[in-house]
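Chemist: The structure's right below; bear with me while I get my questions together.
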């Protein structure tokens, strides 16, 4: 009856998830210890945004949950110790006692200690919450299944009581924290080679950013579902017409200024979107070779370039045209992000324009996740570097993603990847993201004055309640502030004076 | 289907011979003068390339540009312009000399000291083939380590030798290699 034994073993192995404090308390525990999300994330082996997510209400699971619970429990004890050490009636923030917590042991007289994290019992091998004289074990003999599962120690094949996380590496396994971090290693090597000269190290790293980005891309695609097709057949619309010329794709780069402002003196803030191209790496990219189709509706599972007749745009006085400032009338080749933006704006939720008319398309099956691991690796390196004030890594990461995007087409600087279609799609995605930011500002009651380039947005009004300020990719930074207009109308000048 | 294709396109498949696609890609990588020979600018650029040194002149003569020095001088000075067959001869001679000059460096970059270059094989287009006769042919990649024979055949313009050299490489794909004799595109970089 091996089946029943297997089921018994499964039931014995299954255990309930460790309880975690509510999200608000998680944040306050971390902040009271003066720890940053990045520091906690590094200790737990996850990204800073993941920790942010946990503090905003998401729940981790599995191994990481145990680690996080251990951290929170430790933070709570530490704060409680601090509070008791202080003389005055300073109520510790985490005084409420939890069942199974460190103070709740019924056997305090003995040499018994409660454990923050469950550890395998030295007798039966199953998780135990207490230790006696340093040996984790069950206090209640009914919990301890010594008689039945006595052979479990031999099965683990090692004497250590704790666990380490392992990942497969070739035919063997290795511990997770040994896995290489190419960005950090490259920065450390460059700094060592230049004897800590920051400028020289940065220049050296920027010079090798393209091959490093390609190596990182290869590393992140290992074991992935799709191969990166680097040299597909390219339709003529994507080929440069002359050696120095351009192809026929319209990327919809915004270059818009509001035609008129209300009279009076206004304080304009020029905002800069951080890492616009880095965020734009998350877009629907065609995987394989582009195939031609005509007279079809838009297929959401495919992506590519489309010949469309754009709809008329009637909101030019307050919002930029999502197509950029195109003077030439008639049909034009646009990319997937521009088309999706137009389709979205023509839908019932926005109803800002008519739907575009699609004439023909070159598309392929698409996925948003092709560069996702690559993007997350760069984003986390960037966040960590900003948290640590490491400007060398920030510059290196910036060179990696921006040069990766600008040379992935027909560039002689990067011959390993020949995807002009991806280059156009990623740029257009950055422009579409900027357009959506302009729309958000407009919806929240700000006055959008200019939208230009990849990442620049000029607004009037209290923008801090709409966009968080900072250096993260979801935040904005101030590029410039200037005043415009004249003091003819004192009332308007007072309104916009701040 | 481990053999050569007997009658390509009998059921509507479309594609080019793999070796032809390789030659095309090698030509792209070799680069050269983009302006066509029919314009004055393109003609002069080619003539300068073919007559700059004594060595270049000999190579051009060997590549089929058998005109007298007097004629060449007249073409360069602009007094006369070459006839249509001579324009074609100039173009073929330029291609041959350019390939010959570039081959050494191209070979070094493709072999990469024995590490070779990754080649993508994009399968033939079956969209016009009747459904029951369509076969599943997937995208394949291959690391080609020995480019010497391929580049030599390409330099000499010997299509048969190039085809043989390329076939020698794609047999490494396994028993399916015959499906990749004809392709839509062969992608690699140097």
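Any read-out appearing in this document is the output of simple, stated calculations on the displayed coordinates, not a laboratory observation. In this text, all values refer to a predicted model and were calculated from it rather than measured experimentally. Neighbour counts are summed over all protein chains in view; Cβ atoms, including those assigned to glycine, are modelled from backbone coordinates with ideal geometry.
Chemist: Can you give the helix-only mean residue ellipticity at 222 nm for chain B, where every DSSP H stretch with n ≥ 4 adds -39500 (n - 2.57) and the sum goes over all residues, rounded to the nearest 500 deg cm²/dmol?
Modeler: Helix contribution divided over all residues of chain B: -15500 deg cm²/dmol.
Chemist: What FRET efficiency comes out for residue B:68 versus residue A:236 if R0 is 41 angstrom and r is the Cβ-Cβ distance? Round to the nearest 0.05.
Modeler: Approximately 0.45, to the nearest 0.05.
Chemist: Give me the inter-chain shielding for A:231-237: mean count of other chain Cβ atoms within 10 Å, whole number please.
Modeler: For peptide A:231-237, the averaged partner shielding equals 4.
Chemist: In addition: Using all C-alpha to C-alpha distances in the range B:79-120, build P(r) with 10 Å bins and read off the rounded percent in each one.
Modeler: The distribution over the range B:79-120 is 25, 29, 23, 15, 8, 0, given as percents.
Chemist: For the residue pair residue A:462 and residue A:171, what label-to-label distance in nm results when each label sits 7 Å from Cα along the Cα-to-beta-carbon direction?
Modeler: About 6.7 nm, to one decimal.
Chemist: Mean residue ellipticity at 222 nm from the helices of chain A, using -39,500 (n - 2.57) per DSSP H segment of n ≥ 4 over the full residue count, to the nearest 500 deg cm²/dmol?
Modeler: Counting only the DSSP helices, I get -11500 deg cm²/dmol.
Chemist: Ratio of chain B's C-alpha Rg to 2.2 N^0.38 Å, to two decimals?
Modeler: For chain B, the normalised Cα radius of gyration comes out at 1.24.
Chemist: Another one. Estimate the FRET efficiency between residue A:272 and residue A:8 by the formula 1/(1 + (r/R0)^6), using the beta-carbon distance for r and 60 Å for R0, to the nearest 0.05.
Modeler: Calculated transfer efficiency: 0.50.
Chemist: Average projected area of the Cα convex hull of the protein assembly as shown, in nm²?
Modeler: So the mean shadow area of the Cα hull is 48.6 nm².
Chemist: Here's a follow-up. Which angle from 0 to 90°, rounded to the nearest 10, does the C-alpha axis of helix A:182-193 make with the longest principal axis of chain A?
Modeler: 90 degrees
Chemist: Follow-up. Quick check on the range B:40-106: take the gyration tensor over C-alpha atoms, sort the square-rooted eigenvalues as a ≥ b ≥ c, and tell me if it's rounded (a/c under 1.5), prolate or oblate.
Modeler: Prolate.
Chemist: Moving to a separate point now. Tell me, in nm to one decimal, what length is gained between residue B:35 and residue B:127 on full extension, where the rule is 0.36 nm per residue of separation less the Cα-Cα distance?
Modeler: 29.6 nm
Chemist: By how many degrees, 0 to 90 and rounded to 10, does the Cα axis of helix A:2-13 deviate from the longest principal axis of chain A?
Modeler: 80 degrees
Chemist: Now a separate question. Please work out the FRET efficiency for the pair residue A:227 and residue A:412, using the Cβ-Cβ distance as r and a Förster radius of 35 Å; give the result to the nearest 0.05.
Modeler: It comes out at approximately 0.90.
Chemist: Got a sec? How would A:78, A:379 order by Cβ neighbour count within 10 Å, fewest to most?
Modeler: Starting with the residue having the fewest Cβ neighbours, the order is A:78, A:379.
Chemist: How are the alpha carbon pair distances in the range A:11-85 distributed across 5 Å bins from zero to the largest one, expressed in percent?
Modeler: With a bin width of 5 Å, the distribution comes to 3, 15, 27, 27, 13, 8, 5, 1, 0.
Chemist: Which value in nm describes the separation of the simple spin-label points at residue A:471 and residue A:315, placed 7 Å from the Cα toward the beta carbon?
Modeler: A separation of 3.4 nm, rounded to one decimal place.
Chemist: Fewest to most neighbouring Cβ within 10 Å: what's the order for B:173, A:378?
Modeler: The most exposed by this proxy come first: B:173, A:378.
Chemist: Express in nm, to one decimal, how much length is gained between residue A:479 and residue A:208 on full extension, taking 0.36 nm for each residue of separation and deducting their alpha carbon distance.
Modeler: 94.7 nm
Chemist: Mind pulling the angle between the C-alpha long axis of helix B:159-170 and the longest principal axis of chain B? Nearest 10 degrees, somewhere in 0 to 90.
Modeler: For helix B:159-170, the angle is close to 40 degrees.
Chemist: Nearest 5 is fine: what % of DSSP beta bridges in the protein assembly as shown come out antiparallel, could you say?
Modeler: 95 percent
Chemist: What does the structure give for A:403-416 when I average, per residue, the other chain Cβ atoms found within 10 Å of the residue Cβ?
Modeler: Mean partner shielding for this stretch: 1.
Chemist: Just subtract the alpha-carbon distance of residue A:328 and residue A:184 from 0.36 nm times their residue separation and send over the number in nm, one decimal.
Modeler: 47.1 nm
Chemist: While we're looking at this one, here's another question. Points 7 angstrom from Cα along the Cβ direction at residue A:301 and residue A:135: gap in nanometres?
Modeler: It is 6.0 nm.
Chemist: Arrange the peptides A:476-482, B:97-103 so that the one whose residues have, on average, the most other Cβ atoms within 10 Å appears first.
Modeler: Packing order, densest peptide first, comes out as B:97-103, A:476-482.
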